[in-house]
1. In sequence order, what are the phi-derived ³J(HN,Hα) couplings for region A:70-80 according to the Karplus relation 6.51 cos²θ - 1.76 cosθ + 1.60 with θ = phi - 60°, rounded to whole Hz, with x for glycine and proline?
2. Show the residues, 5+ positions off or on another chain, whose built amide H is closer than 5 Å to the amide H of B:F73.
3. Give the residue list of GluC sites (Glu not before Pro) in region A:21-112 that are DSSP loop and have at most 11 other beta-carbon atoms within 10 angstrom.
4. Rounded to whole Å, give me the distance from the Cα center of region B:1-52 to that of region B:124-202.
5. Projected onto the charge dipole of the protein assembly as shown (+1 at Lys/Arg Cβ, -1 at Asp/Glu Cβ, origin at the Cα centre), which of B:F80, A:P6, A:N101 gives the Cα projection farthest towards the positive end?
6. For B:N122, which inter-copy label distances result when the label point lies 7 Å beyond Cα on the Cα-to-Cβ vector, reported in nm to one decimal and in ascending order?
7. Cα axis of helix A:200-209 to longest principal axis of chain A: angle in degrees, 0 to 90, nearest 10?
8. If one takes the longest principal axis of the Cα atoms in chain A, at what angle in degrees, from 0 to 90 and to the nearest 10, does the Cα axis of helix A:152-166 lie?
2 protein chains.
Amino acid sequence: MAQALPGIKEYLPHLAYDLVIFGFNGKQLKILLLEYQNTDYKALPGGFIRREEDLDAAVKRGLKERTGLDHIFLEQFYTFGSLKRSRPDIMKKIIEANGINISGNHWMLDRFMSIAYYALINFDEVNPQPDALSKSINWYNINDLPTLMMDHKEITIKALEVLKLNLDRKLIGMNLLPQKFTMKELQTVYEIILGEKLRRTTFQRKMLGKDILVRHEKLFTGGAHKAPYLYSFK
Amino acid sequence: MAQALPGIKEYLPHLAYDLVIFGFNGKQLKILLLEYQNTDYKALPGGFIRREEDLDAAVKRGLKERTGLDHIFLEQFYTFGSLKRSRPDIMKKIIEANGINISGNHWMLDRFMSIAYYALINFDEVNPQPDALSKSINWYNINDLPTLMMDHKEITIKALEVLKLNLDRKLIGMNLLPQKFTMKELQTVYEIILGEKLRRTTFQRKMLGKDILVRHEKLFTGGAHKAPYLYSFK
DNA sequence: TGTTATTGTCTCAATATGTTACAATAATAC
DNA sequence: GTATTATTGTAACATATTGAGACAATAACA
């Protein structure tokens, strides 16, 4: 089961990226977390940058490896560079828990800066894949996260803050919903990201007034009530 | 005149920071640019990160070296990581123009990512200092910039975009104005950053309504008209 | 004392948002 | 069928915010 670690000749030292991948299941906002083999550590997906590769390309590559998806909303939001964020002791445990021997001066145990990105994906389209060191990758509710490794909690909180600030400006609902959705689903996305309840009538009027939605057929769910229209973004 | 280059043992390889330092002279928004010795290159101030130094600390150190100032509004806004942004040919010219020999595989000629920050300072308080490789450092009007080295124009444009987005949220006027200022000066700061004229009466009402300003004595400038009040931030 | 440019504030109009109300459904129960 | 229920779409009105113009109150100077 022993495998080769990435070589220092292939990757830039001291540099990594981390991904906060948001998904929406119709009710709740979730993120993807890796669980490392034989440890309790849960972590954001991440990776290294090849020496002859654009930063953005490296992150897109990692995102595709974890989700199988291309052409996803992806945005850099912050670079974490404090000294204390690097924890060679934890990295060593994770690698050794995979049955790999690592020398004390291996480059993966050095200090790292992490350039953090967040991605927005349609929950239903993705089949997440764990990376080489982890045993599983799973969705976790943003309001009920487990303990995260190192500074990954801080990274996640910052991602959510940026998401909130960008909510209106970047039409973020578009990327978290299926192609067609109801007004209520759109409102739920907004409510979860903003962390507050919104008024139904005001929200509807505002969204319809923006001239960004197309109305389609009604959705009959079997509920004993008026059926809502489906919408898509223009 | 020959001097020693920074050693690879002291600094993290492949990593630099750049600073977009904004100042306001009462009329125009300006940034600080270095001019390298014996070249036509103009560039943003920047530097490297020590191996045992927090990223933020490195940038604060650099900001203090250039401006002499501490406790300045400073914010990270983006990390530039494309392959083509690194130009070892240009770096080599700059270093050799300082009368220093540099070998072709020196670490300063490697690929670099740059973590960009912007700072807001009070124009009148600062006495800028050039760095070891440059002959001068000067203020340039943001609307009339010279040709900048490598991707520094792109970095500057992005800084201005972020400044614009953060204008209301972070009370940016506070950092660009002297302690006491007139409503007109505050409005001018807003107008330049937003790139549009604002309505005097609406602006005044909005600012006074925010409950962030303290009104002081009037300012008599000698103009043949009513004297404006001076304000400071609470 | 009149002239000029600018400032502080008021008013009214135009928009935008908060709030309530209510008719129009889809399914189900009878 | 007809009544019942939950939810949706939209109208209506109230309130708040912003746009636009008007105007009196200066400072300095001729």
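The values are calculated or read from the model by the stated rules, or taken from the named source; none is laboratory data. As the structure is a computational prediction, the values presented were derived from the model and not from experiment. Heads up, the Cβs are rebuilt from the backbone with ideal geometry, glycines too, and the neighbour counts pull from every protein chain shown. Surface areas here come from the heavy atoms of the whole protein model, side chains and all, with no ligands, DNA or RNA. Shrake-Rupley method; radii C 1.70, N 1.55, O 1.52, S 1.80 Å.
1. 10, 6, 10, 4, 8, 8, 6, 10, 5, 10, 9
2. B:L120
3. The qualifying sites are A:E52.
4. A separation of 18 Å, based on Cα centres.
5. B:F80
6. The projected label point of B:N122 is separated from its counterparts by 5.5 nm.
7. Helix A:200-209 sits roughly 90 degrees off the main axis of chain A.
8. 30 degrees
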